[in-house]
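Read the structure below first, then the notes.
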Amino acid sequence: MRVILVGPPGSGKGTQAKQVSDRFAIPHISTGDILREAVRNKTALGLQAEPIMAAGGLVPDDLMIGIIRERLNQEDATAGFLLDGFPRTVVQAEKLDAILEGNEGSDLSVVVLLVPDALIVNRITLRRSCGACGSVYHLENLPPSMEGVCDKCGAPLVARPDDNEEAVVKRLGAYHAQTAPVVEYYRAKGKLKEVDGNAAVDVVFERVMRSLGV
Ligand code: ADP
Ligand code: ZN
């Protein structure tokens, strides 16, 4: 099972990615999570990525491709994987094809979550996540049972530094300019499945599963 999940910021990609990877027992590879961990650990990558991410820009392709190449070479990714946040540019998509070319395994499925721009800013500015375990909440649609506290691990919930309105507008711009062409790239290859992401988490999950033929 090789799945790529694409969608604008705030489309519910990360939430769906976790559920799909659990269901198929494949690793959830999120470039956003990898970068945020690098920022927390103040690695060379983290120091370079931090200001770019905070402003809502894209980290350079060559860095991202290196990260993915290394991650996909790990043992747990040989039987399948779910990519969340990569590829985000056509250059990244082409490089990914080259990386996967030699590998045997099932075909790629690319699922795009469709969510109108008008909903994105609300979704993101009301998003809160757990600094410890990464669980994601929404103050209206998916609130924690106790305000400001993670249901799963009890750690405090915080807003991501790039979840302010200015950075969101910039991330949406980057999505339309750089990532929408990735969607067309996979459509042309006959790999694209389109899913309406404007519904409750469980409903969208059912749609994603159906799009994958499950
Ligand atoms: P979202 O989809 O909500 O914008 P992510 O967690 O996927 O959030 O990514 C957060 C940020 O990390 C992006 O705005 C970007 O700066 C950086 N990033 C993640 N993946 C990539 C990638 N493949 N290429 C370039 N930058 C990336
Ligand atoms: Zn937690």
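The values are calculated or read from the model by the stated rules, or taken from the named source; none is laboratory data. Quick caveat, the model's predicted, so the values are computed rather than measured. Every residue, glycine as well, gets a Cβ built from its backbone with ideal geometry; the counts of neighbours run over all protein chains shown.
So here's what we get for this one:
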read-out	value
Residue in segment 115-129 that is small (Gly, Ala, Ser) and either under 27 Å from VAL59 (Cβ atoms) or at pLDDT below 95 (or both) present	yes
Any chance ALA118 is under 20 Å from PRO8 (Cβ atoms), surrounded by 13 or more Cβ atoms within 10 Å (Cβ to Cβ) and not aromatic (Phe, Trp, Tyr)	no
Condition met for ARG88 (part of a helix (DSSP H, G or I) and either more than 29 Å from LEU142 (Cα to Cα) or under 15 Å from the mean Cα position of the chain (by Cα) (or both))	no
Residue that is nearest to the chain's Cα centre (by Cα), among those in segment 20-45 that are part of a helix (DSSP H, G or I) and more than 16 Å from GLY85 (Cα to Cα)	ASP22
Positions within segment 199-208 being surrounded by 14 or more Cβ atoms within 10 Å (Cβ to Cβ) and assigned to a loop (DSSP other than H, G, I, E, B), in sequence order	ALA199
Count of segment 175-197 residues which are surrounded by 14 or more Cβ atoms within 10 Å (Cβ to Cβ) and touching a strand residue (DSSP E or B) at 6+ places or on another chain (Cβ under 8 Å)	10
Segment 49-75 residues that are outside any helix (DSSP H, G or I), paired with ones that are surrounded by fewer than 19 Cβ atoms within 10 Å (Cβ to Cβ) and aliphatic (A, V, I, L, M) (beta carbon under 6 Å, 6 or more apart)	LEU58/ALA174; VAL59/ILE52
Every residue from segment 112-129 that is away from ligand 1 (no atom under 14 Å from the Cβ) and not in a helix (DSSP H, G or I)	LEU114, PRO116
Selection within segment 130-152 - part of a strand (DSSP E or B) and over 30 Å from GLY213 (Cα atoms)	CYS130, VAL149
Breaking point among (1) under 25 Å from ARG128 (Cβ atoms); (2) surrounded by fewer than 19 Cβ atoms within 10 Å (Cβ to Cβ); (3) not charged (D, E, K, R), for VAL20	(2)
Output for segment 16-26, where each listed residue is under 27 Å from ALA54 (Cβ atoms) and in contact with a helix residue (DSSP H, G or I) (Cβ under 6 Å, 6 or more places away or on another chain)	GLN16
Residue within segment 136-157 that is over 21 Å from ARG40 (Cα atoms), under 17 Å from the mean Cα position of the chain (by Cα) and either more than 11 Å from ligand 2 (Cβ to nearest atom) or without any contact (Cβ under 8 Å) to a residue 24 or more places away in the chain (or both) present	yes
Restricting segment 153-174 to residues that are surrounded by fewer than 17 Cβ atoms within 10 Å (Cβ to Cβ) and part of a loop (DSSP other than H, G, I, E, B), the residue that is nearest to ligand 1 (Cβ to nearest atom)	PRO161
Candidates GLY190, GLY154, GLY148, filtered to the one that is modelled with pLDDT under 95 and of a type outside the set (S, T, N, Q)	GLY190
